[in-house]
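The values are calculated or read from the model by the stated rules, or taken from the named source; none is laboratory data. Predicted, not measured: the structure shown is a model, and the values here were computed from it. Quick reminder, even Gly has a Cβ in these numbers, built from the backbone with ideal geometry, and neighbours come from all protein chains shown. Surface accessibility is based on the protein's heavy atoms, side chains included, excluding ligands, DNA and RNA. Shrake-Rupley method; radii C 1.70, N 1.55, O 1.52, S 1.80 Å.
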Amino acid sequence: MENMTRRTALALFASSLVRAAGKIPANQNVKWALGANLWNYFPRVAFTDILDVMKDTGFIGIRVTQFPQILKTYDITAEQMQKEVSKRGLHVITISFNGATQDPARRSEVLANARKAMEFLKPFGADRLVVFSPNRNAGSAEGAFKTMCEGFNQIGEVAGEMGFRAGLHNHMGQMVQDGEELDRCMAMTDPKLFWFSPDTAHLHLAGMDSAKILDRYKNRLMLADYKDAKRGTGNFLQNIYDLGDGDVDFPACHRALKAAAFKGWLIVDLDVARQGPRTSYERCGAYVVNTLESIYV
């Protein structure tokens, strides 16, 4: 017990030194999170290894992906996850949710799965559900877009009943990809029911100005992904970068959040980490501290 106490004290001291060096985000008005999906591109580790990277780098929240399969992937129960997250002072903040919202025949299934996802999240204190649109190939039927938006409104209704907000996550290769589709979806969904959870990289790659979009939909913003990108050739992963290495204007995005008095989560949901997850999140954390926190903390 004495050795464990000493190790804990040393770990806390080391953490305080890192914070003093100004490399860990402050997590005040803006709270910083990461996405579990990145670790799918690396050899499997224990889920607690992901949590340790979070704690050490200051990205104190996590978006769960591939739910509910993720529990089997990491051989962990919801109760065990709660215990490990809690003892590190971390947070499970949302789930990447998708379903066949464009198909009216599957509406009850989609709503049941959305409810199940939020029931999983609720014991963690989470109150946001990030909703992806279906694959673009699924939306070719006449009326599919309208049906999808009706489905989004119904997910939003269920979310509201459970004390949550549900919101759109724009994404390349999905039915809400470009600017016209984004504006149409926001116009066809009820702002009292369905919110906005944008991804800056996907906005940028689809030809949009991320900061302008954040400002345009500031009254529906429930959280956001801060992800850097460069427009170019090659596959999607080749165009994704650590914060500050791409072409997304994050200072402008942060000024938009400040103007909106945004208080909530920003998720640095990397799809690639060229030097490994820990190094990428250390670099992203340093960018947050050195470049963004002087604008808005």
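Of note:
So that you can scan it fast, the table gives a plain yes or no per residue for (1) at positive phi; (2) assigned to a helix (DSSP H, G or I); (3) of a type in the set (D, E, K, R); (4) at pLDDT 95 or above:
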{"residue": "Gly246", "(1), (2), (3), (4)": "no, no, no, yes"}
{"residue": "Pro251", "(1), (2), (3), (4)": "no, yes, no, yes"}
{"residue": "His254", "(1), (2), (3), (4)": "no, yes, no, yes"}
{"residue": "Leu257", "(1), (2), (3), (4)": "no, yes, no, yes"}
{"residue": "Ala261", "(1), (2), (3), (4)": "yes, no, no, yes"}
{"residue": "Thr279", "(1), (2), (3), (4)": "no, yes, no, yes"}
{"residue": "Arg283", "(1), (2), (3), (4)": "no, yes, yes, yes"}
{"residue": "Val289", "(1), (2), (3), (4)": "no, yes, no, yes"}
{"residue": "Ile295", "(1), (2), (3), (4)": "no, no, no, yes"}
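- For the range 169-197, the set of residues classified as surrounded by fewer than 15 Cβ atoms within 10 Å (Cβ to Cβ) and of a type outside the set (D, E, K, R) consists of Gly173, Ala187, Pro191, listed by residue number.
- The range 66-142 holds helices (runs of 4 or more DSSP H) entirely within its bounds, and those carrying 1 or more residues that are closer than 25 Å to Lys263 by Cα, open to solvent by less than 40 Å² (accessible area, probe 1.4 Å) and free of Cβ contacts under 8 Å to residues at least 60 places away in the same chain map to 78-87, 107-121.
- The range 1-60, residues that are in contact with a Ser or Thr (Cβ under 9 Å, 6 or more places away or on another chain), at pLDDT 95 or above and open to solvent by 80 Å² or more (accessible area, probe 1.4 Å): Arg44, Lys55
- Screening Phe250 with (1) open to solvent by 20 Å² or more (accessible area, probe 1.4 Å); (2) farther than 24 Å from Gly151 by Cα; (3) aromatic (Phe, Trp, Tyr) gives one miss only, at (1).
- Scanning the range 239-257 for residues that are of a type in the set (Phe, Trp, Tyr), in contact (Cβ under 8 Å) with a residue 24 or more places away in the chain and over 21 Å from Lys23 (Cα atoms) turns up nothing.
- For Thr200, the conditions (1) open to solvent by 10 Å² or more (accessible area, probe 1.4 Å); (2) β-branched (Val, Ile, Thr); (3) touching a helix residue (DSSP H, G or I) at 6+ places or on another chain (Cβ under 7 Å) are fulfilled apart from (1).
- Qualifying residue in the range 193-200 (condition: part of a loop (DSSP other than H, G, I, E, B), within 20 Å of the chain's Cα centre (by Cα) and in contact (Cβ under 8 Å) with a residue 60 or more places away in the chain): yes
- Any hit, the range 152-167, residues being closer than 30 Å to Gly234 by Cα, open to solvent by less than 30 Å² (accessible area, probe 1.4 Å), touching a residue at least 40 places away in the same chain (Cβ under 8 Å) and of a type in the set (Gly, Ala, Ser): yes
- Test: residue in the range 175-190 that is more than 17 Å from Asn98 (Cα to Cα), in a helix (DSSP H, G or I) and in contact (Cβ under 8 Å) with a residue 40 or more places away in the chain: yes
- Test: residue in the range 220-239 that is out of contact with any strand residue (DSSP E or B) (no Cβ under 8 Å at 6 or more places or on another chain), within 28 Å of Met186 (Cα to Cα) and open to solvent by less than 40 Å² (accessible area, probe 1.4 Å): no
- In summary, Asn137 fulfils each of the numbered conditions (1) within 21 Å of the chain's Cα centre (by Cα); (2) more than 14 Å from Leu168 (Cβ to Cβ) with the single exception of condition (1).
- Residue match in the range 143-152 (condition: β-branched (Val, Ile, Thr), under 25 Å from Ile70 (Cα atoms) and part of a helix (DSSP H, G or I)): no
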